[in-house]
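So the structure is just underneath, and the comments pick up after that.
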Amino acid sequence: MSLISEENIRGRSVFKDIGADDGDWEPTEIESMCMNCHLNGMTRLLLTKIPFFKEVIVSSFSCANCGWSDTEIQSAGRIQDQGVSYTLTVKSKQDLDREVVKSDSATTRIPELDFEIPPFTQKGALSTIEGLLDRAVSGLEQEQPIRRATDPDVADKIDEFIQKLKRLKDVEEEFTLVVEDPSGNSFVENPVAPQKDEALAVTRFKRSAQQDALLGIRADDDFDEEPAGNDVDAMRNEVLVFNTNCPECNAPASTNMKMVQIPHFKEVIIMATNCDSCGHRTNEVKSGGATEELGTRITLNITDPSDMSRDVLKSETCAILIPELELEVGMATVGGKFTTLEGLMKDIKDLTVSKNPFISGDSCSSDRVQKLREFGEKLDNIMSGEMKVHFVLDDPAGNSYLQNVYAPDPDPELTIEKYTRTFEQNEDLGLNDMKTEGYQEEEEEEEEK
């Protein structure tokens, strides 16, 4: 990364989409020292774009003197707003073929073996589950000759552990693989997309101050600094502007924030970014209130094309379901949005079909491509009113909204249910460990002790 100037990294012309017809897009070659024989070899750098992984730098080193080679992939895009954790239950050998994008800031764990690869101990890689296991075995075997000479007992124990890792590839028993990345730039394939993958759980989380410092986006000495207070009443009548970078081209841009009262609902915070350089636009919605006591499940029976013009507020904690298509889009997958039902349907189509990285390339099967294209056609039929379905917003935090066009009278096609959250839902929302009553008395008792 240090070999490329920051100005070049930010230039949109530097990164180019992968394509088979781009024969003139040659990698950059740099002569560099081989870490194996310490003679000069050749490093090749290619700056390109991979869907869901933003811009990346693919580097490959080869040494003609000793034959040693090495490859690496680094994310050159922005750090995401939230971290991401993928928990995969590997049940068959087919699961070993799932493609994985693992950034260098990701932690990889196999709980059954009490095995963990800490962040920044391996380079970023575009591989498979089997490839991650092979890489872990290779890393453990690398220093075994030295261990056998200096500490044979430790070497024997590591040999036993290596055999356990190798046996995982036979998948005689189920095991769990966890990829947790505070930068949000890692990815594990869902082979049944756009349907929900029962074996794969995806969780978005807010980074801690220590994780921000580890990623270099916060100074080590500002953990105790408190944000300055804001006058909420003044914010309701003012559009706040923040300087930021475009998530697509990384050029300087501005984000506008405004508190808005939605009729017959509640107050929300809308944040919108508009990039003058590349034209990219995005909006994000945050709830302006607290988590509701009960979860909310909103079901709309889509019967007419005019339903597509209904306003929708989807919070980050809300899941989307279309039972007739067996579609379930998990929490935070498309983020918090304030849009129309048609706009939300288009976002779902872009996520599952148009921008899906696993329907292109040599490794993609024709059956999967055909299946996803048929799914995209069904979404188009829903938006055009040719297909009647039920559209469900399931928000355990109760902060989502779907417009009632008959308000304040009841909507015959709209059903709103309130339900009690499960323990697992409270755990996902961080409510189980949250204490809102009696904490002051406990603090006073601790001080007296």
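Readers should treat all values here as calculations from the given coordinates under stated rules, not as data from a laboratory. These numbers come from a predicted model, not from an experiment. Because the Cβ atoms are built from the backbone with ideal geometry, glycine has one as well, and the counts that use them run over all protein chains shown.
For segment 105-115, in order, what is each residue's ³J(HN,Hα) by Karplus, 6.51 cos²θ - 1.76 cosθ + 1.60 with θ = phi - 60°, in whole Hz (x at glycine and Pro)?
Coupling constants for segment 105-115: 8, 7, 9, 10, 9, 10, x, 4, 9, 6, 10 Hz.
By average Cβ neighbour count within 10 Å, what is the ranking of 135-147, 193-205 from highest down?
Values: 135-147: 13.5, 193-205: 16.7.
Highest to lowest by the protection proxy: 193-205, 135-147.
Could you check the simple spin-label distance between E417 and L429, using points 7 Å along Cα→Cβ, in nm with one decimal?
Placing both labels 7 Å along Cα→Cβ, they lie 1.7 nm apart.
Take L351 and C37, extend 7 Å from each Cα along the Cα→Cβ direction, and tell me the distance between the two endpoints in nm.
Going from the L351 label point to the C37 one covers 5.1 nm.
For segment 123-174, what class follows from the C-alpha gyration tensor (a ≥ b ≥ c being the square roots of its eigenvalues): rounded when a/c is under 1.5, otherwise prolate if a/b is larger than b/c, else oblate?
Details: a/c = 4.39, a/b = 1.52, b/c = 2.88.
Because a/c hits 1.5 or more and a/b fails to exceed b/c, segment 123-174 counts as oblate.
5 Å is the cut-off here: which amide hydrogens, built 1.01 Å from N in the peptide plane, fall below it relative to A253, excluding neighbours closer than 5 in sequence?
Under 5 Å from the amide H of A253 lie the amide H atoms of T244, N245, C246, each far enough along the sequence or on another chain.
How much net charge surrounds C63 when only the other residues with a Cβ under 12 Å from the Cβ of C63 are counted, with Lys and Arg +1 and Asp and Glu -1? It would help to have the intermediate numbers written out before the result.
On the way: positive: none; negative: E31, D70.
Residues close to C63 contribute a combined charge of -2.
How much net charge surrounds K337 when only the other residues with a Cβ under 13 Å from the Cβ of K337 are counted, with Lys and Arg +1 and Asp and Glu -1? Don't skip to the end; give the middle numbers.
Numbers: positive: R281, K286, K314, K346; negative: E284, D311, E316, E342, D347, D350, D395.
It works out to a net charge of -3.
Using the per-residue mean of other Cβ atoms lying within 10 Å as a proxy for protection, in what order, highest first, do the peptides 340-350, 239-249 fall?
On the way: 340-350: 18.5, 239-249: 14.7.
Order by mean packing, descending: 340-350, 239-249.
Please give the peptides 268-280, 29-41 ranked by average Cβ packing (other Cβ atoms within 10 Å per residue), highest first, as a rough proxy for protection.
Numbers: 268-280: 16.0, 29-41: 13.4.
Taking the mean over residues of other Cβ atoms within 10 Å, the ranking is 268-280, 29-41.
Would you pull out the residues with amide H under 5 Å of V389's amide H, same chain only if 5 or more places away, H placed 1.01 Å from N?
Here I302 satisfy the definition.
Label points 7 Å out from Cα along the Cβ direction at K206 and S277: separation in nm?
Taking the simple label geometry, K206 and S277 are separated by 2.9 nm.
Quick one: net charge around T303, please, counting Lys, Arg +1 and Asp, Glu -1 for every other residue with C-beta under 14 Å from its C-beta.
Working: positive: R310, K388; negative: D304, D307, E324, E386, D411, E413.
After counting each charged neighbour, the total is -4.
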